[in-house]
Every structure is written in C-alpha cells, then in structure tokens.
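Chemist: The structure follows.
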Amino acid sequence: MNGKALIQALNGVYEWVDKRLHVTDLFNHTAGHPIPKSSASWFYVFGSATLLCFMIQLLTGCLLALVYVPSAAEAYTTLEYLTFRQELGWFLRATHYWGSNFMVGIMLIHVTQVFLFGAYKYPREITWMSGVVLMLLTLGLAFTGQVMRFDEDAYWGLGIGAAIAGRSPMIGQQVVNFMLGGPIIASETLSRFFTLHVFVLPGSVLALVALHLRMVLTKGINEYPKPGQIVRKETYDKEYATIIKKEGIPFFPHGIWKDLVAASIVIGGILFCVLMFGPKGPLGEPNPTQIDTVPRPDFFFLWIFAIAALMPDYMETFMLLVAPPIIIGLLFILPFINNTGEKSWRRRPIAVLSVILIYLALGLLTYLGQTSPWSPDMKAWSGAETPREFVEGRSPLELQGLAVLQNKQCRNCHAIDGIGGHRGPDLADVGTRLTKDQLVRQIIQGGGNMPAYGKNLSPYETDALVAYMVSLHPKGELPARDSTIPATPAPLSVQEGEQHEAVGAH
Amino acid sequence: MKIAALSLACLSAIALSGCDIPGRPKKEDRRPEPHHVTDFKTLYSQNCAGCHGNGQSVGPVIAMNDPLYLSILPKEQMRQIVTNGRAENGMPAFALSNGGSLTNEQIGIIVDNIYAWAKNPPPTNAPAYSAPLGDVARGAAVFAANCASCHGADGQGLKDKAGSVVNPAYLGLVSDQYLRTITIAGRNDLGCPDFASRVPGKAMTSEEISDVVAWLASHRENEFGQKLAPAQQ
C-alpha cells in the first residue's frame, strides 16, 4: 500500500467516526473557537492554570485515596505510612499539598485579573458568578483537605470551625451536630469531611467548571480592555462580533500555546516545591489530651486565623457570622452593581485601590497569622535561655528574681531581648520604663491584658522579681524614676557616673 | 516546549531516583509524641536550659555542667530532685506523677547525660554535699575570712563586687541546702569562686561551710521583719 492510499484509508476512518461523533463540530465550537487577537495574552493564562491544578489534584487525590483510610482511628497511621514508608507516598502527598497551594494562589490571581480587566461586566455576569462559586468551592476543598491531614492542626482547626458554627443564633447546637456528625470530633466527623472533600466538592467544581467554560465559549472571552472603550448594553454585542470578525483567531493553536507554556511553568513550580520542601506534616497526633500544641491553619486561611485572634470580643459574632455572607454577597452581585462602563483598570482607580487595599490587608494579616505574636510560647519558661548580659553582675536576690521569672512562666508571654513569648512587651529594658512601685503594682494587679499574679507570688518572690526587673536597663540608660519625687544627690552622682561610662563607651 | 518537557523529565527522574532530595521526609522528621522524645538535647533545651543555661549561656541558678557540683551531688539525688522538685527553692517537679511533663524514662535520659558532662572525680578535700547546720558565731568568722571581700563584712554586698547574701527576701527563697551547695560549688560562670579558691591555698572545710550557712540562715526573717529560728536540717 502506498502512502496516498494509506492517507485515504485513514481519512475514511476519520470521516466515519466524525459522522457519528461530530468531532470536527465539537472542535470548532471549543478549542477551535475564535478569540479576539488581543486576548491571546499572558494575562489570560491564569484560568486554565487553575484548572490544570485542579486536574493535578484529581489525579493525586485518586491515588492518595488508594491508601488513605478516612477513619479517626486510622487516618493518622495511613498518613504516616504514606509519608515515611510507602514508596513515593511522600511525593504524592507533597504534590497534592503544593497543588492545592498553587490552585488557591493562581485562582486568586485569576480573580484579580478578571476584576481589574472588567471581565465581569455585561454580558459575562454568569461567568463571574459561577467563578465566585468556584472560588468558594476551592476554598472549601482547601479547608476540608486540611482536615484530611488528620493531625493536631486539623483537630484543633475543626474545633475552632465548630465553635464558630456553634455561635449561630438559635440553631448553633444543631449546626455543630450536622457539621461534626455529633457533639464532638470523632470518626463521623472525618467521614463527613472525606465525603465533602472527595465527592461533593470536586463534583460541584466539575459541574461549575462546565458552566464556567460554557459561558466563556458562548459569551466569548473578554477582549483586552482599552482605556476609553466603554461597555454599553445596547452596542457591546455588536462591537464584540466586529472584533471577532476583524481580528478573531482560533484559540487552537494561536491562543493555546501561551496556556501550555504557563501550564509547564506551573507544573515545574509545583515539582520544585515538592522536591525542595516536601509534604506538610503530619504534625503531632490528633490527641485532645495533648494541649501543648500551637495549631495553625494552612497559609490561605492564616488571615482568618489572624482576624479571629485580633478582633475585639464584641465584634466576634458579627465578624464570624455576618461579615462573610455580606462579603460573599457583594462579590456575587458585583456585575449588577457595576455592569457597564470602563473596563480598563487605567480608568478605574477605585477598583485598583480596592485591590491594593485588599491585598495589603490580606498580606499583613497572613504575616501576623504566620508569626502569631498573640500566642504565648508555652515552653519558654523552661526552655528560653537568658542572654549573658541579663544574668551577669546581678545580686543573689536579682538572680532569684530571674529564677522566679522563669518558674512563674512570665517568659511564656514576655521575651528578654527577643527570646521568649511575644504576647506582652519585651522585658529587656523594662527597668527604664517602670519604677519599682509601678512594677509591683503591675505584677500584683495585672492590667492592660496581663493577668494579676498577686495570688501566685509570695511577698519574697515579688521582691526578688521586682529587684531583677529594676536591674533591666541598658548600660548608660537610667532606671525609671518616680517623677513626683525630686532627684536626690545620690542618683545624680550615679547619673554622672553612668554618663561617663556611656561617653567612655563611645 | 522541548526545554519544559526536558526539565520536567529531569525533575521526575530526580524524584524517582534514590538520591537525597531535600523535600523527602526523613525518619527524624517524624513528630514523636512529647512523651516519646528521647533526644537529650531536645529534652534539656526544652526543660532545663531556661534556668540552668546550656553550657554556653548562663542561668539564674547553678549550671548543670559544673564539674564540682556534679562530683559532690550523687546521681540518684539529682534524679530525685528532677522528679520531685525542690519546692523550697522554686525548682519545679518534672515527673508526670507530680504534675510535670516528663516520664521517668525521660528524666533518666536527662540525668544520665548531665552526668556524662562530669569530667573529674570529686577533689579529695571536697566537703560533703549535705551536713547539719554548724555554729553561728564561728560562721561569722568564716564569712569574714572567706566571703566578706566581695559580699562585705556584714554580708550586705559591696558596690561593683557582689550583692547582698543576707537579704531576707533572698534567704526566704532559698533553702539551707541551696546555700551550702552554692558555698561549695560557687558560681564559676558568674565569677563567684568555689570552696577551694576563695582564699588562695586554703580550701574551706565541710565544718566551716556548715558554720557559714548557719550564720547566713540566722539572718532569715519572716515577711514582717521578725527573725526566724534557723531550721535544722
């Protein structure tokens, strides 16, 4: 058989299949659909990159499910088995973990780009709204996925989630029961979250992605916005048709290559993180009697963690139950609030400022969530050492004061020269800020977010503690002085002596 | 595209090969339950270093790597101290059975490893670790001979040298045994000499130490400034 005949035969097969499956038709309406030439831009790759991450999650998730047992008794063991014993189990877990991080990150870039490029405006309202639901589903996947890694973080994270749900007025208890499958975190809880994470949420994502892509195909991809090009309901459809007619190019192959390059960068990025940083955890066992932990959510929820820790008491119910529906509602109806007009971010200062403000707030809160200075360091009292200059040259009483400072766990909240907890002020120079009497009052009565320790300290312990703290002032700096008492000659001579010392040091 | 595919293939090859990959979890990354931690360094740095220092840093109370201290304190006694604490000195009890956080096995690991720091056998003239209180009047003379040069003739401390050792608050926070241990071992890390080097060529005897501790203890007062009778050991 010569070449020509072979091609003819293959063509015949193709036509036979095409006549029945309408592959050409499908291609022309999907990958081959025309897009504005301006949209074949590097800014437009983030949607497909998010989808790629989702596909990686599906694949790695299926493989993980072969080993993972979603029961409270066995989940942790199977996680350890996957991480330390199963051949390449760690690689699978790490890919799933970093895939989720990349998915949330790239999705946020996609949402921001769509917002800044005005792509949510007429006639793409449903595209945007389905995107908002997809974003919530993705965050839901991230949260339920964190529960799948059933370690101490997951356990306490669930506890906090249940506590938030329990605040719902009237039906709090019922909501908690529904969420946890009972009043406490148990096997039923893990089954529920497994079902959500593996069936309900990914299934919903697939359905919503279908709608989202269908909208992209039918309403067309947003053209690259130009300043001054105003969207009007009456004229937009015609204008878009003209753009497609004049400078439309088929998505395949003219648009898709950038998506493919982006895809390989994303895969490379995920692989890099997998090989360099590996999987996360599992941390300690999810043991409710083990309270010596500092549970912390994954990075995409650190900002919520920070808000929850920092907001004043009276705002808690509002921030936890009222604010989220308002924010989500606003996002959802955004296309109706701002349906037409300018698309280009160059002419939408409020949009740009909102993005900057939101990212600054999220970034700052994430940073605070990561460092969480409000959490006491529960091991500092017995583990935080004291730098030499804060021990040397002290009298026996002052040394006993430092021992009391350690034993009474002051270090858990107060660092000395940065070592220790950061909930309260650093004590390295407390002697320059508070006088002896002020220190006694503060320790005995507490105040300013510090508990009163009067009942936990004997008078001698207080004496020693205060004597030590009074000694905490940098060389050359005077100790704090009661301003109502005029300086006596003795402190003046000390002052002179210390000044000489300071000058000498220079 | 080719470059991307090639780098992908390389990365996968690295992942599949057995070579050392930073991301691959190692056995020691496994988070043991707190009661299963058996690494001495971890246990010491989490439980002891805050007060006793770690050898490089100094703490408010005696350093655990002080060879003299280790040579006079029987190992079993240290195990008891760590297990039950010393309420009179503020040393907390670390055993789980006493409300602490360490198992008996962990306490054993800590004590064994601390004693691995002990370099020398006790000096032949080393005073006994504990002994009954001696004579107050003799103690005053011993203090004047051995301690007054830094702590002052009356024990109230000398400016730029050393602080008071007769301050009632200080004496109220430390036991007679604590005073004895410090008198024997000193605080070499903070410049306070041990029993053998206070007066060159004349080491303090066990009796002299008992006497000086009795003299120090005689300065104890209650919170209202009333003198307390020295407690008998």
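Chemist: Within 10 Å of each Cβ in peptide B:44-51, how many partner chain Cβ atoms are there on average? Round it to a whole number, please. Each step should come with its number before you reach the end.
Modeler: Values: counts 1, 5, 5, 4, 2, 5, 17, 11.
For this peptide, the per-residue mean of nearby foreign Cβ atoms is 6.
Chemist: Please list, ordered by chain and number, the residues whose modelled amide H lies under 5 Å from the amide H of residue B:221; skip anything fewer than 5 residues away on the same chain.
Modeler: Result for residue B:221 returns B:228.
Chemist: Based on the Cβ-Cβ distance of residue B:104 and residue A:272, what FRET efficiency does E = 1/(1 + (r/R0)^6) give at R0 = 35 Å, to the nearest 0.05?
Modeler: So the FRET efficiency works out to roughly 0.15.
Chemist: What size of dipole, in debye to the nearest 20, comes out for the protein assembly as shown about its Cα centre when the only charges are +1 on Lys and Arg C-beta atoms and -1 on Asp and Glu C-beta atoms?
Modeler: 2980 debye
Chemist: Here's something else I'd like to know. At R0 = 45 Å, how high is the FRET efficiency between residue A:168 and residue A:207 if r is their beta carbon distance? Nearest 0.05 is fine.
Modeler: It comes to 0.95.
Chemist: Work from the charge dipole of the protein assembly as shown (Cβ charges, +1 for Lys and Arg, -1 for Asp and Glu, about the Cα centre) and give the residue of B:121, A:154, A:338 farthest towards its positive end.
Modeler: Going by the charge dipole, the pick is A:338.
Chemist: Something else now. Whenever you get a sec, line up A:77, B:83 from highest to lowest accessible area (probe 1.4 Å, protein heavy atoms).
Modeler: Ranking A:77, B:83 by accessible area, largest first, yields A:77, B:83.
Chemist: Another question, if that's okay. Ignore the peptide's own chain and count Cβ atoms of other chains within 10 Å of each Cβ in A:379-389; give me the average, rounded.
Modeler: Partner-chain Cβ atoms within 10 Å, mean over residues of A:379-389: 6.
Chemist: Right, here's the next one. With a 1.4 Å probe on protein heavy atoms only, work out how much accessible surface B and A bury together, total over both chains, in Å² to the nearest 100. Don't skip to the answer; put the middle values down first.
Modeler: Details: alone 13730 and 28770 Å², together 38360 Å².
Adding both sides of the contact gives about 4100 Å².
Chemist: So what is the relative contact order for chain A, in percent, with contacts set as C-alpha pairs under 8 Å and at least six apart?
Modeler: That works out to 17 percent.
Chemist: Hey, another quick one. Would you grab the residues whose amide H sits under 5 Å from the one on residue B:162? Only those 5+ places off in sequence or on another chain, please, with H modelled 1.01 Å from N.
Modeler: Long-range HN contacts for residue B:162: none found.
Chemist: Provide the solvent-accessible area of residue A:219, counting protein heavy atoms only and rolling a 1.4 Å probe, rounded to the nearest 10 Å².
Modeler: 80 Å²
Chemist: What are the ³J(HN,Hα) values, in whole Hz, obtained from phi via the Karplus relation 6.51 cos²θ - 1.76 cosθ + 1.60 with θ = phi - 60°, for each residue of segment A:238-246 in sequence order, with x given for Gly and Pro?
Modeler: 5, 4, 5, 4, 5, 4, 4, 5, 6
Chemist: To continue, here is another question. To the nearest whole number, what is the average tally of beta carbon atoms from other chains within 10 Å of the beta carbons of peptide A:91-104?
Modeler: If you average over the peptide's residues, the count of other-chain Cβ atoms is 1.
Chemist: Return the Rg/Rh ratio of the protein assembly as shown with Cα-based radii and a Kirkwood Rh.
Modeler: 1.12
Chemist: Between residue A:317 and residue B:159, what is the spin-label point distance in nm, taking each point 7 Å from the Cα along the Cα→C-beta axis?
Modeler: Each label point is offset 7 Å from its Cα along the Cβ direction, giving 6.3 nm.
Chemist: What's the magnitude of the charge dipole for chain B around its Cα centre, counting Lys and Arg as +1 and Asp and Glu as -1 at the beta-carbon? Answer in Debye, nearest 20.
Modeler: On the way: 20 positive and 21 negative charges, 141 e Å.
With only Lys, Arg, Asp and Glu charged at Cβ, the dipole is about 680 debye.
Chemist: What is the dipole size for segment A:17-371, taken about its Cα centre, with +1 at each Lys and Arg Cβ and -1 at each Asp and Glu Cβ, in debye to the nearest 20?
Modeler: Using only the charged Cβ atoms, the result is roughly 1560 debye.
Chemist: Where the centre of each part is set by its Cα atoms, how far does segment A:202-224 sit from segment A:81-102, in angstrom?
Modeler: 30 Å
Chemist: Considering only protein heavy atoms and a probe of 1.4 Å, how much of the accessible area of chain A is carbon and sulfur, as a whole percent?
Modeler: 67 percent
Chemist: Sticking with this structure for a sec: Two decimals is fine: what's Rg over Rh for segment A:51-111, C-alpha atoms, Kirkwood radius as Rh?
Modeler: 1.06
Chemist: Moving on. At 1.4 Å probe size, what's the solvent-accessible area of residue A:381? Round to the nearest 10 Å².
Modeler: 50 Å²
Chemist: Residues of segment A:17-371: accessible area per residue at 1.4 Å, in Å²?
Modeler: For segment A:17-371, the solvent-accessible area averages 51 Å² per residue.
Chemist: Oh, and also: Which sequence of A:485, A:56, A:35 reflects their accessible areas, 1.4 Å probe, from the largest down?
Modeler: Values: A:485 95, A:56 30, A:35 10 Å².
Accessible-area ranking of A:485, A:56, A:35, largest first: A:485, A:56, A:35.
Chemist: Put A:410, A:53, A:62 in order of accessible area, largest first, 1.4 Å probe: what do you get? Mind dumping the intermediate values first?
Modeler: Details: A:410 30, A:53 0, A:62 90 Å².
Largest to smallest exposure gives the sequence A:62, A:410, A:53.
Chemist: Any idea what angle helix B:176-185 forms with the longest principal axis of chain B, computed on alpha-carbon atoms, 0 to 90 degrees, nearest 10?
Modeler: 70 degrees
Chemist: A further question follows. For an R0 of 45 angstrom, estimate the FRET efficiency from the Cβ-Cβ distance between residue A:85 and residue A:175 and round to the nearest 0.05.
Modeler: 0.70
Chemist: OK, next. Quick one: what are the phi-derived ³J(HN,Hα) couplings along segment A:164-169, Karplus 6.51/-1.76/1.60 with θ = phi - 60°, whole Hz, x for glycine and proline?
Modeler: So the J values, rounded to whole Hz, are 5, 4, x, 7, 3, x.
Chemist: Once the convex hull of the C-alpha atoms of chain B is built, how many Å³ does it hold per residue, rounded to a whole number?
Modeler: 214 Å³
Chemist: Name the long-range amide H neighbours of residue B:187: under 5 Å, sequence gap of 5 or more, or other chain; modelled H, no Pro or chain starts.
Modeler: Hits under the 5 Å cutoff: B:192.
Chemist: Given the whole protein assembly as supplied and a 1.4 Å probe, what does the accessible area of residue B:35 come to in Å², nearest 10?
Modeler: 80 Å²
Chemist: Could you give the alpha-carbon Rg of segment A:124-277 over 2.2 N^0.38 Å, rounded to two decimals?
Modeler: Against the empirical 2.2 N^0.38 Å value, I get 1.48 for segment A:124-277.
The values are calculated or read from the model by the stated rules, or taken from the named source; none is laboratory data. Just so we're clear, the structure is a prediction, and the values are computed from it rather than from any experiment. With ideal geometry, Cβ positions are generated from the backbone for all residues, glycine too; neighbour counts draw on all protein chains shown. The protein model used for the area step is the full one, side chains on, heavy atoms only, and it has no ligands, DNA or RNA in it. Shrake-Rupley method; radii C 1.70, N 1.55, O 1.52, S 1.80 Å.
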